[in-house]
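> Handing you this structure, nothing more for now.
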Amino acid sequence: MESLTPPPLRRIVVDQEPTTVPQPRAPATETNGHGTAAVVPAAAVRPQKRRTRVTERMQVDRLSVAYGEKLAVKAVSLSVRQGEVLALIGPSGCGKTTLLRSLNRLVELTPTAGRAGRILLDGQEVDRMEATQLRRRVGMLFQQPNPFPMSIFDNVAYGLRERGSRRPHRRQLEPAVIEALQRAGLYEEVADDLDHPALALSGGQQQRLCIARSLAVGPEVLLLDEPCSALDPRSTEIIEQLIIGLRSEIAIVIVTHNLQQANRVADQVAFMYLGDLIEYGSAEQVFGAPRAQRTRDYVAGSFG
Amino acid sequence: MSTRQPTTALGYPPVVAPPGRAASHEEPSWGTRDKIGLAAAWAAGILLCLIAASIMGYMLYRGLQYLQLDMLVTHPLAGLDQSKTGGFLDPILGTFLLTVVGIAIALPIGVAIAVWLTEYGKPSGLARAVESGVEIVAGTPSIVLAIFGLLIFQQSAFGFLSFTAAGGEVFGRSFFAAGAMMSLIALPLVVGATRESLQAIPSHVREASYALGKDRISTIRRVLLPGARRGIATGATLGMGRIAGDTAIVVILLGASLQLTPEGHTPLLGTLKGTGSTLTSYVYNNSPAGEGNAPEKAYAAAFVLLLIVILLNFAVDLIARRKEPVWSR
């Protein structure tokens, strides 16, 4: 795990119990128990987003994950909904990525990892599913673009091809590959170069190719682990637009260190600190009127 | 060394230049011992270049002096008159055949070992044992491998790989036997280069494949092995160079018959079961150390061998210069 770095400017009080307010919906205008006003002028910063129909896809129920003796995620409960983007924010080492990797059971690849609590996908417990089946329904995008060492076409077709077969029925796969590239907003740029090696693309294009690769499998949930942290602002903007466009069809969870980004793309925000879920609510509420002192410090510190 | 001008634009005093010697471009004076050390380092490098150049130059001189193109296409013959002993077509074929047999065995096994070590490696005790096994094979002199190979391939169970005498005794010498032992020489090089390449692939690339619902086998086959292609090719080519250059195994396990002597009548299989010679054993046998005492032939064959090995090394350089897939970590 990365070392714990406090957010800039304001300190977070460590030896104090988290000050979560139990009520799920606090009115955004109300000042919290400390008597201070909202730190971020939410309406001013937030772009207006079109509302979409919201359905719950995944449910995380008192999830705890430990690496050896160290608890990385402590009894976190939240839900992932289609039609919304859920952003996980918090300082480094707070368990965001571990939580994310639990959703498609990638955390099981770490030999020391242990887990308690339930994760449901459409009401079905993920532990009861084949890991490969689950991961086809819950896709993931990584911090570093990681196209495979093959052509652009083969990268997207990779997930569609059954195990063992090399390059069957290119004709049959072509429509699906092109559609995935179009959804990822990459097709126009690579239409003539589908046979070129994917690793020759630029960083931003590589990351969009990775999105296309995930979309080709037809996931219901897409997990994004700091997908823009290695990219330039222009590519970041393209990918953020893509995320906002995809949320009506796919439930999206994004881990980000970039609070502005969370504010731009997210509908729901979960703030984690040292493995605890400190605050969970709509983006307007978490950024505009955080209920917990720690959230307030983190959000304000990063904006300050 | 550094010729950077001291920057004072921000008002800081110059950092490097000591008072009195500011802006001096002179080398600082070194102690005598350092000077001797530097000279020794230069001398060592130049000496090595000289040795390499003189080997090349001498072999080129001798080679061009004695090599006649018809030697490359005529069979060698036994005889006292050197003008009637022919060329070394069979040893050239033998070198290629043995190299192909050796690498054909070493490549799949070596890649499999490297994949198992990097991608599975459990239980860790077994992985450590495999690692030291590979190291021991790498460190074993080829003459020891050759003797050991003879012991094994003379067992009647392996009779089908070589020539069996009328009395039922297995000869134990053939292209199969020599190739099998040669593969052990190439194996550590294949394992090492493949492992290095696989380890260079960051773990998130593997995870990206798992995240698409793929299992470990298809990840290895479709993502990791293509990603390690360059390392595999480098290891194989290095291994081929080592096989082509080894003598002990050829002398002991290939039967050292001057011409390719097939066993039975099946075209390729017969040759593989039969005996032969390679350029190395030909050089050895024709040199004053061997019984042939035909140094002209030895020089000509050695020149050809050197060309083959240098070409293989050149191929390694070419492969290594090819662009390898690069991911950020």
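The values are calculated or read from the model by the stated rules, or taken from the named source; none is laboratory data. This is a predicted model, so every value here is computed, not measured. Heads up, the Cβs are rebuilt from the backbone with ideal geometry, glycines too, and the neighbour counts pull from every protein chain shown. Side chains are part of the model used for accessible areas, which takes the heavy atoms of the whole protein and leaves out ligands, DNA and RNA. Shrake-Rupley method; radii C 1.70, N 1.55, O 1.52, S 1.80 Å.
> Just to be sure, is B:Ala244 touching a Pro at 6+ places or on another chain (Cβ under 8 Å) and either closer than 30 Å to B:Pro76 by Cα or of a type in the set (Phe, Trp, Tyr) (or both)?
Against the criterion (touching a Pro at 6+ places or on another chain (Cβ under 8 Å) and either closer than 30 Å to B:Pro76 by Cα or of a type in the set (Phe, Trp, Tyr) (or both)), B:Ala244 does not qualify.
> Further, regarding this structure: Go through segment B:77-116 residue by residue and tally those that are in contact (Cβ under 8 Å) with a residue 24 or more places away in the chain and closer than 14 Å to B:Thr280 by Cα.
Within segment B:77-116, residues that are in contact (Cβ under 8 Å) with a residue 24 or more places away in the chain and closer than 14 Å to B:Thr280 by Cα number 10.
> Is it true that A:Ile243 is in contact with a strand residue (DSSP E or B) (Cβ under 7 Å, 6 or more places away or on another chain), within 13 Å of chain B (Cβ to nearest Cβ) and either surrounded by fewer than 20 Cβ atoms within 10 Å (Cβ to Cβ) or part of a helix (DSSP H, G or I) (or both)?
When the stated conditions are applied, A:Ile243 does not pass them.
> Moving on to the next point. Among (1) under 16 Å from the mean Cα position of the chain (by Cα); (2) open to solvent by less than 30 Å² (accessible area, probe 1.4 Å), there is one condition A:Gln143 misses while meeting the rest; what is its number?
Result: A:Gln143 passes all but (2).
> Could I ask something else about it? Kindly indicate which of A:Gln182, A:Gln205 is modelled with pLDDT of 90 or more, of a type in the set (S, T, N, Q), in a helix (DSSP H, G or I) and open to solvent by 50 Å² or more (accessible area, probe 1.4 Å).
On inspection, the qualifying residue turns out to be A:Gln182.
> Checking B:Arg229 against (1) at the interface with chain A (Cβ under 9 Å from one of its Cβ atoms); (2) surrounded by fewer than 24 Cβ atoms within 10 Å (Cβ to Cβ); (3) more than 30 Å from B:Pro141 (Cα to Cα): exactly one of these is not met. Which one?
Here B:Arg229 meets the rest and fails (3).
> Where in segment A:58-149 are there strands (runs of 3 or more DSSP E), lying fully within it, with 3 or more residues that are within 14 Å of chain B (Cβ to nearest Cβ) and within 30 Å of A:Ser235 (Cβ to Cβ)?
Once the strands (runs of 3 or more DSSP E) in segment A:58-149 are filtered for at least 3 residues that are within 14 Å of chain B (Cβ to nearest Cβ) and within 30 Å of A:Ser235 (Cβ to Cβ), what remains is A:138-141.
> From the list A:Tyr273, A:Tyr298, exactly one residue is aromatic (Phe, Trp, Tyr) and over 17 Å from the mean Cα position of the chain (by Cα). Which is it?
Exactly one residue qualifies, and that residue is A:Tyr298.
> Any residue at all in segment B:272-282 that is within 14 Å of chain A (Cβ to nearest Cβ) and assigned to a loop (DSSP other than H, G, I, E, B)?
no
> For segment A:223-235, how many residues are buried (at least 24 other Cβ atoms within 10 Å of the Cβ) and within 11 Å of chain B (Cβ to nearest Cβ)?
Residues that pass the stated criteria total 1.
> Condition test on A:Asp195, is it among the acidic types (Asp, Glu) and part of a loop (DSSP other than H, G, I, E, B)?
yes
> For A:Asp267, state whether it is out of contact with any helix residue (DSSP H, G or I) (no Cβ under 8 Å at 6 or more places or on another chain) and more than 19 Å from A:Val65 (Cβ to Cβ).
Spelling it out, it is not the case that A:Asp267 is out of contact with any helix residue (DSSP H, G or I) (no Cβ under 8 Å at 6 or more places or on another chain) and more than 19 Å from A:Val65 (Cβ to Cβ).
> Of everything in segment B:180-222, what is among the β-branched types (Val, Ile, Thr) and either within 21 Å of A:Glu130 (Cα to Cα) or within 14 Å of chain A (Cβ to nearest Cβ) (or both)? Give them in sequence order.
Passing the criteria: B:Ile201, B:Val205, B:Ile217, B:Thr219, B:Ile220.
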